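Worksheet: the structure to be examined is printed underneath.
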Amino acid sequence: MKALILPAAALGLLMTSGCVLSIGGDGHDDNHYTSVRAQERNNREYIATISMGTPSSAVVTHLGTPDFTDVFTGKDGEYRILRYRTHRAESDGDTSRDETTPLVFLDGRLVGVGEEAVLRLR
């Protein structure tokens, strides 16, 4: 009987040696959440200080690739709307347009910030 206990214990050890018990998550999602919140705060702070006439290239240099971009030709020239995530509407991990602040550029220069600026284009 004792001869069977040692092999059974060794087999049990081998079968569970690759198992990992995780309680409370691995922190990966927490780190992502924290970095997204920091990016949103950075975007809000920069947008709050931006001046009309700022070149779109300067904004992209500071904020990076926008979450959404719309480009069209209007009666006054080329409009480019860059949208950057600034707040959370849903905790689903995806960025939607309603979680962004639009920056409106006319011929490469900032002419408006926010949804009201977009509405004035219509």
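The values are calculated or read from the model by the stated rules, or taken from the named source; none is laboratory data. From a predicted model like this one, the values you see are computed outputs, not experimental measurements. In this analysis, Cβ positions are derived from the backbone assuming ideal geometry, glycine residues included, and neighbour counts consider all displayed protein chains.
Side notes on the structure shown:
- If you filter the stretch 78-107 down to residues that are loosely packed, with under 13 Cβ neighbours inside 10 Å and touching a strand residue (DSSP E or B) at 6+ places or on another chain (Cβ under 8 Å), you find that the one that is nearest to residue 54 (Cα to Cα) is 107.
- Where residue 75 falls short, out of the listed (1) charged (D, E, K, R); (2) modelled with pLDDT of 90 or more; (3) surrounded by 13 or more Cβ atoms within 10 Å (Cβ to Cβ); (4) within 22 Å of residue 122 (Cα to Cα): (3)
- Residue check for residue 53: modelled with pLDDT of 95 or more and part of a loop (DSSP other than H, G, I, E, B): yes
- Index of the failed condition, residue 88 passing every other in (1) out of contact with any Asp or Glu (no Cβ under 9 Å at 6 or more places or on another chain); (2) in contact (Cβ under 8 Å) with a residue 40 or more places away in the chain: (1)
- Checking 80, 37 one by one, the residue that is of a type outside the set (Asp, Glu), within 15 Å of residue 99 (Cβ to Cβ) and at pLDDT 70 or above is 37 and no other.
- Look at (1) within 11 Å of the chain's Cα centre (by Cα); (2) surrounded by 10 or more Cβ atoms within 10 Å (Cβ to Cβ); (3) at pLDDT below 95 and you find that residue 30 fails only one, number (1).
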